[in-house]
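Notes for the one structure printed next.
The values are calculated or read from the model by the stated rules, or taken from the named source; none is laboratory data. Just so we're clear, the structure is a prediction, and the values are computed from it rather than from any experiment. We place every Cβ from the backbone using ideal geometry, glycine too, and count neighbours over all the protein chains shown.
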Amino acid sequence: MRHFFLVASSIILAGCMIGPDYQRPVVNKPDSFRYAAKEVQDTSNLSWWRQFQDPVLDGLINEALANNKNIKIAAANIEQAAGILTQVRSPLFPQVSYSGNAARQRGSEMNATPIPSSVSNPQNAYQVFAGATWEIDLWGRIRRLSESAQANLLATEEARQGVILSLVASVANTYIQLCGLDEQLLVAKDNTVSYGEAVKLFELQHKYGQVSRMTVEQARTRYETAAATVPQIESQIVQTENALSILLGRNPGPIARGKSLRNLALPAIPSGLPSQLLERRPDVAQAEQNLIAANAQIGAAKALYFPTISLTGSYGQASEDLSNLFKGPAREWVYSGSLTGPIFTAGAISGQVRQAEAARKAALLAYELSIQSAFADVENALIARTKIAEQLQAQGRLVNAAKEYTRLARLQYKGGYVPYSTVLQAEEQLFPAELNYAQYNASLYTSLINIYKAMGGGWVAEADKLTALPDEKVKKEASK
């Protein structure tokens, strides 16, 4: 038996693998990004969220990486893919089994052929056997299936990396959005208080005939407009807190705040080239692993055209007497080989080959699309950051102009040069301008977050260290 398996091992090692070997497709990529920033820093491999200098945000991201349900689901998917790889690989090795049975049987003495007196009736039968089967992977079918399963495992790991990338960006974006809403709420409440005091003042003046009722109602209209904005923003804050709680793996509830939006530090713009996206982006790497898996399936399908060679063997003991079961004369053994191959399958194999080739075409197109989408994501994030910065500057000038306009209108109103409607008009422009400024300021921070998300990078590995990692055995399977 030992010599038998040594010969079989030599055959399998000398065997070839049917089907195309994977080669990375040539990708048409630009030399640089069209809207690349002039001032960049090499921060793509660092925990960029710490640049906000807000310990509360750092803690929220750590909590999300440890407790987020989507990350746990992705980790479970990795374990499942590792189990599939182990299962698919197993036929490369002999499959050893055992069996045993015991029986007692009495034959009828009324048969036409009587039982000889020398034969005991009833009879006992005892058997113990160990067996082994081995399919020699001469054409590489099992190795191609293993190659495909391993690529699927790596694709699942890249999918988990993609979840980490999206999670960190989502937590940071949602937190910044929350800080922006806090800023808007502060503006709305300050204006509501200020407008409310004006209403009280005009009502008192109207009581003594100093202003008309129209002036009072104009002031009240402005006050109610601001007052109606407060519950609207408060509702958005609660909804945003609930969304962030889910990302953290919590039940919906309040979220602690750190620094205010105006006190957060602005992260640097990360450096990067289009060619680096092939290695940086988890979704691109996942698409490539899917392509590798589909490519290997072609070889597995084509190997079905060739014969399957299997070896089987068994060794055991059989006896009518249990006490003699493990004695020399009770020994039995057998080994054999078999060869089976297709002659006519009515397209069963050719159909599988066509399916595999079509699946590879689809995977190739998906890979190319993922690269193009990655380029577009970076370009969109870069141009968004540039234009939002310009919008923020313009909005800041608008706020300053509206404040000056309001100040001058109030002075002229007190001097009796203009009606109160002029003051109201000025204040109606200032209030939304301040709200929009807070919104644009938050958008500037989120635009930088989106650049880090679009470019990917080593920071995903840094974030991965904070997650509840899959079992070490699973990681070893992926590295084989």
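Only one of LEU154, LEU247 is under 28 Å from PRO55 (Cβ atoms) and in contact (Cβ under 8 Å) with a residue 12 or more places away in the chain; which?
Just a single option satisfies the conditions, and that option is LEU247.
Just give me the residues in region 199-231 being farther than 15 Å from GLN425 by Cα and aliphatic (A, V, I, L, M), in sequence order.
Listed by number, the residues that qualify are VAL199, LEU201, LEU204, VAL211, ALA227, ALA228, VAL230.
Out of region 254-312, which residues are more than 30 Å from GLN236 (Cα to Cα) and charged (D, E, K, R)?
If the condition is that a residue be more than 30 Å from GLN236 (Cα to Cα) and charged (D, E, K, R), then GLU279, ARG280, ARG281, ASP283, GLU288, LYS302 are the ones that fit.
Name the single residue that is farthest from PRO282 (Cα to Cα) among those in region 427-461 being of a type in the set (D, E, K, R) and crowded, with 20+ Cβ neighbours inside 10 Å.
Residue satisfying both the conditions and the ranking: GLU427.
Per-residue answers, yes or no, for (1) part of a loop (DSSP other than H, G, I, E, B); (2) over 25 Å from ASP283 (Cβ atoms); (3) of a type in the set (S, T, N, Q); (4) at pLDDT below 90:
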residue: ARG50; (1), (2), (3), (4): no, no, no, no
residue: SER97; (1), (2), (3), (4): no, yes, yes, yes
residue: PRO116; (1), (2), (3), (4): yes, yes, no, yes
residue: ALA125; (1), (2), (3), (4): no, yes, no, yes
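So which residues in region 409-462 are free of Cβ contacts under 8 Å to residues at least 12 places away in the same chain, closer than 27 Å to GLN210 by Cα and out of contact with any Phe, Trp or Tyr (no Cβ under 9 Å at 6 or more places or on another chain)?
Hits for region 409-462 are GLN412, LYS414, GLY415, GLY416, TYR417, VAL418.
Counting only residues that are of a type in the set (Ser, Thr, Tyr) and in a helix (DSSP H, G or I), which one in region 202-253 is farthest from LYS189 (Cα to Cα)?
Applying the filter and picking the extreme gives SER245.
Among the residues of region 297-315, which ones are among the β-branched types (Val, Ile, Thr) and over 9 Å from GLY341 (Cβ atoms)?
Matches in region 297-315: ILE298, ILE309, THR312.
Could we say that TYR367 is in contact (Cβ under 8 Å) with a residue 24 or more places away in the chain, surrounded by 13 or more Cβ atoms within 10 Å (Cβ to Cβ) and assigned to a strand (DSSP E or B) here?
The answer is no for TYR367.
Would you please list the contacts, defined by Cβ atoms under 6 Å and residues six or more apart or on different chains, that run from a residue in region 340-363 that is surrounded by 13 or more Cβ atoms within 10 Å (Cβ to Cβ) to a residue that is among the small types (Gly, Ala, Ser) and in a helix (DSSP H, G or I)?
GLN352/ALA301; VAL353/ALA301; ALA356/ALA301; ALA359/ALA294; ARG360/ALA294; ALA363/ALA294
Just to check your reading of the model, which residue among LEU392, LEU424 is touching a Lys or Arg at 6+ places or on another chain (Cβ under 9 Å), surrounded by 16 or more Cβ atoms within 10 Å (Cβ to Cβ) and in a helix (DSSP H, G or I)?
LEU424
Just for region 11-26: of the residues that are surrounded by 15 or more Cβ atoms within 10 Å (Cβ to Cβ) and at pLDDT 85 or above, which one is nearest to the chain's Cα centre (by Cα)?
Applying the filter and picking the extreme gives TYR22.
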